[in-house]
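Worksheet: the structure to be examined is printed underneath.
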Amino acid sequence: MRPFLFPRQRKKNPPLFLPLCRSSGPDASPSPVKRRSLAEAMATGTPDSQARFGQSVKGLLTEKVNTCGTDVIALTKQVLKGSRSSELLGQAARNMVLQEDAILHSEDSLRKMAIITTHLQYQQEAIQKNVEQSSDLQDQLNHLLK
């Protein structure tokens with residue numbers, strides 16, 4: 001069975017933060033001027049750059065909230081599907097127990113019918129013997145009456 005993956009795990013996520021300066025990467029210069037902290041950038045940045053930064057953070061936050069919402073929906077669907085599966089398995093188990101009881105009851109009934117059949121055969125044989133004896137007795141009675 002395949003493990004459950006949230007939708008965000010199926011696709012590659014964008015980075016959670018934006019670089020503060022344009023020259024970031026392996027070939028970027030390690031000069032202290034280009035590497036400023038977030039607090040320094042916000043304190044010394046222009047209002048325009050602060051607004052852009054705020055909008056980008058807002059966009060990332062909105063995207064993150066949407067992703068979490070999607071994950072919660074997917075998880076809820078998976079839980080409901082799992083609970084429905086267990087309900088179906090439980091119902092199948094109950095039906096199986098009922099069928100097993102019916103089979104056991106049928107076997108018991110067949111055993112009883114076999115016993116009854118054997119008794120009826122004994123009674124039939126006894127009746128046949130009695131009929132044969134009665135015809136012999138009737139012949140003897142007729143012979144005596146003559």
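Data overview
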{"read-out": "Vicinal HN-Hα couplings computed from phi for the range 133-146 (Karplus, 6.51 cos²θ - 1.76 cosθ + 1.60; Hz; Gly/Pro x)", "value": "5, 5, 5, 5, 5, 5, 4, 5, 5, 5, 5, 6, 6, 7"}
{"read-out": "The range 47-146 - Rg over Rh from alpha carbon coordinates, Kirkwood radius", "value": "1.90"}
{"read-out": "Residue among Val65, Tyr122, Leu145 farthest towards the positive dipole end of the range 61-146, charges placed on Cβ", "value": "Val65"}
{"read-out": "Accessible area of Val131 in the full protein assembly, 1.4 Å probe (Å², nearest 10)", "value": "90 Å²"}
{"read-out": "Accessible-area value, Lys64, 1.4 Å probe, nucleic acids and ligands omitted, Å²", "value": "80 Å²"}
{"read-out": "Prolate/oblate/rounded label for the range 78-120 (Cα gyration tensor, a/c 1.5)", "value": "prolate"}
{"read-out": "Using θ = phi - 60° and Karplus 6.51 cos²θ - 1.76 cosθ + 1.60, couplings along the range 63-71 (whole Hz; Gly, Pro as x)", "value": "4, 5, 5, 4, 4, 5, x, 4, 5"}
{"read-out": "Which of Glu107, Glu132 is most accessible, then next, and so on - probe 1.4 Å", "value": "Glu132, Glu107"}
{"read-out": "Nearest-10 value in Å² for the accessible area of Ile115, using the 1.4 Å probe", "value": "100 Å²"}
{"read-out": "Derived scalar couplings ³J(HN,Hα) [the range 84-92; Karplus, 6.51 cos²θ - 1.76 cosθ + 1.60; whole Hz; x for Gly, Pro]", "value": "5, 4, 5, 4, 5, 5, x, 5, 5"}
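The values are calculated or read from the model by the stated rules, or taken from the named source; none is laboratory data. On a predicted model such as this, the values are computed, not experimentally measured, just so you know. All Cβ positions, even for glycine, are placed from backbone atoms using ideal geometry, and neighbour counts span all protein chains on display. The protein model used for the area step is the full one, side chains on, heavy atoms only, and it has no ligands, DNA or RNA in it. Shrake-Rupley method; radii C 1.70, N 1.55, O 1.52, S 1.80 Å.
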